[in-house]
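Some notes on the structure that comes next.
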Amino acid sequence: MFDFLTETFMLRAFIVGILVSLTSALLGVSLVLKRYSMIGDGLSHVGFGALSIAAVFGIAPLAVALPVVTVAAFLLLRLNESSKIKGDSAIAIISTGSLAIGIIAVSISGGMTVDISNYLFGSILTMSHSDVVLSTILASSVILIFVLFYNKIFAVTFDESFSRATGIKAGGYNSLIAVLTAVTVVVGMRMMGTLLISSLIIFPALTSIRIFKSFKSVIICSSILSVSCFFIGLVSSYILETPTGATVVCINIIAYIVFYLISYVKRKLLQHRRSAS
Amino acid sequence: MPLINCNNIALSYESRTVVKDLSFDVHEGDYLCVVGENGSGKSTLIRALLGLKSLSHGSIVFSEGLSKNEIGYLPQQSGIQKDFPASVYEVVLSGTLNSSGFLPFYKKKNRLTAEENMEKLGITDLKNACYKELSGGQQQRVLLARALSATKKLLLLDEPTSGLDPIVSSDFYRIIEKLNRDDGITVIMVSHEIKTAIKYATHMLHLHRNHSFFGPKEHYLECNDCKKLLEGGSDNV
Ligand SMILES: Nc1ncnc2c1ncn2[C@@H]1O[C@H](COP(=O)(O)OP(=O)(O)O)[C@@H](O)[C@H]1O
Ligand SMILES: [Mg+2]
């Protein structure tokens with residue numbers, strides 16, 4: 001029954017999927033804790049705009065999306081820091097703007113092509129060899145950089161003003177987080193679709209935070225959760241013939257509910273024990 | 001040569017000047033207490049000393065022996081998220097980052113520093129506890145341990161005891177006095193509990209719009225500003 005697991009397209013899907021799940025889990029923790037959850041969502045819309053434009057001009061989608069989304073990530077971060085425009089309004093402006101541009105571009109280029117719909121809804125099973133190579137390189141670099149800067153990313157996420165005050169270049173690390181997020185969103189779009197990639201970023205983090213109380217344990221739990229949910233999602237999407245991205249998100253939601261229930265029960269037990277003693 | 005020399009500085013937000021014509025020196029081993037009404041610019045001054053706020057006039061010169069990554073800081077309102085998952089050890093250890101340069105991981109030395117400071121502040125048994133689940137007083141101790149992990153020379157504390165009950169608060173003052181006296185750490189502390197603060201300080205800086213006071217504690221006790229404040233008996237100056 002599980003013969004399909006050894007097919008080439010399945011192997012590709014597993015390699016890319018596991019790497020993308022890992023990167024989004026790692027960055028997700030930082031983004032969620034910095035209250036930047038919506039940035040992932042905004043960036044995926046920017047990604048959609050960029051892809052559509054690339055389709056109009058017949059350029060390779062990732063080659064356009066990567067720089068555009070990176071610039072947008074910087075911009076969103078800056079806007080978030082300056083108090084003139086509220087962060088969430090900034091995201092709304094940029095993401096709906098990109099969406100509008102994308103929709104116009106799609107209609108100019110003659111409606112929904114297979115390519116565009118692949119990016120909208122994700123299509124991990126139809127990835128080409130070059131897609132796989134590029135995604136693997138990008139995702140592995142993100143993971144490597146994250147691990148190397150893990151301690152600083154913790155410090156800057158936990159308390160930016162202390163980090164700044166004691167001579168850590170917090171601005172630089174914020175930019176680093178922005179670039180890594182941009183790469184994650186672009187790579188993840190191919191697999192999850194622009195509409196769903198942000199949930200892959202925020203769900204594992206939100207779920208782990210329910211139960212785990214140290215940064216390291218949250219990071220580890222998110223990574224394991226993200227990869228497991230992807231694995232279960234991919235296999236069940238194949239068996240149930242459902243879209244992969246959406247299925248992975250549903251598995252993530254189930255995991256969230258399970259963790260929520262566990263933390264609820266734990267809290268109740270604790271209260272019970274306290275009032276008993 | 002003083003550790004810090006503030007020469008005729010002015011601090012302003014946009015066009016509004018908060019502090020002006022302020023000069024003072026801090027020497028090694030001093031315990032400077034900064035007081036003044038709410039909004040008189042105490043936090044702004046601390047942020048300026050840390051290089052987080054630019055001066056609109058004047059200069060702040062640090063002695064050559066003191067570089068920016070040797071300062072420990074305890075903010076008035078930390079930007080820490082209420083529900084951030086972090087263990088006490090992770091928080092304290094992060095204080096040592098400023099001395100580890102580009103190295104990606106903590107060294108043994110960093111871990112020892114963190115453990116030493118947790119011991120000093122009596123929070124060793126909380127090592128694996130979750131920071132956000134601690135009481136206010138315990139949290140302040142953790143943040144002080146983090147600040148200590150970042151410095152052996154200079155601590156900047158911005159109202160570290162606000163929101164703590166009196167017993168916890170006076171414990172905290174004693175810890176800081178000990179750090180100053182026994183470990184020779186220079187302390188600059190903003191405080192609203194003027195009576196307690198004045199007990200331990202060597203120098204006072206009273207910020208006031210036009211006539212700030214700076215000098216040794218003994219002089220401050222004789223000046224009129226202080227008498228007014230002490231007699232007023234108000235602790236929220
Ligand atoms: N980021 C800021 N932008 C504009 N004004 C500020 C800012 N921070 C503080 N202020 C103003 O500067 C004055 C001094 O503030 P602060 O240094 O926090 O006072 P204190 O710590 O003595 O209570 C206050 O009037 C405050 O409103
Ligand atoms: Mg203040």
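The values are calculated or read from the model by the stated rules, or taken from the named source; none is laboratory data. For clarity, every value in this text was computed on a predicted model and none was experimentally measured. Cβ sites come from the backbone with ideal geometry, for glycine too, and all protein chains shown count toward neighbours. The accessibility values were calculated without ligands, DNA or RNA, using every heavy atom of the protein model including side chains. Shrake-Rupley method; radii C 1.70, N 1.55, O 1.52, S 1.80 Å.
Quick look at the numbers
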item	result
Cα-only Debye scattering, chain B: base-10 log of I(q)/I(0) at q = 0.09, 0.12, 0.15 Å⁻¹	-0.38, -0.68, -1.06
Residue-averaged 222 nm ellipticity for the protein assembly as shown, from DSSP H runs of 4+ at -39500 (n - 2.57), nearest 500	-20000 deg cm²/dmol
Dipole magnitude (debye, nearest 20) for chain A, charges at Cβ of Lys, Arg, Asp, Glu	1380 debye
Qualifying chymotrypsin sites (Phe, Trp or Tyr not before Pro) for region A:149-178 [loop in DSSP, other Cβ within 10 Å: at most 14]	none
10 Å Cβ neighbours from other chains, averaged over peptide B:96-102	4
Selected from B:G72, B:G29, B:G51 as most flexible by GNM, with chain B as the system and alpha-carbon contacts under 10 Å	B:G51
Mean Cβ count within 10 Å, highest first, over the residues of peptides B:127-137, A:122-132	A:122-132, B:127-137
Lysines with Cα under 19 Å of B:K42, excluding same-chain neighbours fewer than 8 positions away	B:K20, B:K53, B:K195, B:K217
Shielding by other protein chains, B:83-94, mean Cβ within 10 Å	6
Approximate shape of the protein assembly as shown as ellipsoid semi-axes (Cα gyration tensor, √5λ), whole Å, largest first	51, 26, 19
For chain B, built as a Gaussian network whose Cα springs stay under 10 Å, the top-fluctuating residue of B:K82, B:K195, B:K178	B:K82
Global form of region A:120-275, assessed from the alpha-carbon gyration tensor, a/c cut-off 1.5	oblate
A:R274 versus B:N128: modelled label distance in nm, points set 7 Å from Cα along the beta carbon direction	2.2 nm
Helix B:108-120 vs. chain B, principal-axis angle (Cα, 0 to 90°, nearest 10)	60 degrees
Share of carbon and sulfur in the accessible heavy-atom surface of region A:112-167 [1.4 Å probe, %]	74 percent
Rg in Å to one decimal, and Dmax rounded to a whole Å, for region A:2-194 via C-alpha atoms	17.4, 57
Buried accessible area, chains B and A (both chains, 1.4 Å probe, Å² to nearest 100)	2600 Å²
Relative packing of B:62-70, A:54-62, A:179-187, which averages over residues the other C-beta atoms within 10 Å, highest first	A:179-187, A:54-62, B:62-70
Equivalent-ellipsoid semi-axes of region B:90-176, from the Cα gyration tensor, Å, largest first	23, 14, 11
Cα point-scatterer Debye curve for region A:201-277, base-10 log of I(q)/I(0) at q = 0.23 Å⁻¹	-0.97
In order through region A:95-104: 3J(HN,Hα) via Karplus (6.51 cos²θ - 1.76 cosθ + 1.60), integer Hz, x for Gly, Pro	6, 5, x, 5, 4, 4, 4, x, 5, 4
Calculated from backbone phi, Karplus (6.51, -1.76, 1.60) coupling profile of region B:160-170 in Hz, x at Gly/Pro	x, 10, 5, x, 9, 6, x, 5, 4, 5, 6
10 °C / 1.306 mPa s Stokes-Einstein diffusion coefficient of region B:1-120, Kirkwood radius on C-alpha pairs, µm²/s	94 µm²/s
For region A:2-194, with +1 on Lys and Arg beta carbons and -1 on Asp and Glu, the positive-most of A:G193, A:M127, A:I168 along the dipole	A:I168
Estimated translational D of region A:100-200 in µm²/s (Stokes, Kirkwood radius over Cα pairs; 4 °C; 1.567 mPa s)	82 µm²/s
Debye, to nearest 20: dipole size of the protein assembly as shown, +1 on Lys, Arg Cβ, -1 on Asp, Glu Cβ	480 debye
Vicinal HN-Hα couplings computed from phi for region B:82-98 (Karplus, 6.51 cos²θ - 1.76 cosθ + 1.60; Hz; Gly/Pro x)	4, 10, 6, x, 7, 7, 4, 4, 4, 5, 5, 4, 5, x, 7, 4, 5
Percentage, to the nearest whole number, of Cα pairs in region B:184-228 over 14 Å apart	48 percent
Partners for B:K109 among lysines (Cα-Cα distance below 25 Å; same-chain residues under 8 apart left out)	A:K152, A:K169, A:K216, B:K68, B:K120, B:K127, B:K152, B:K153, B:K178
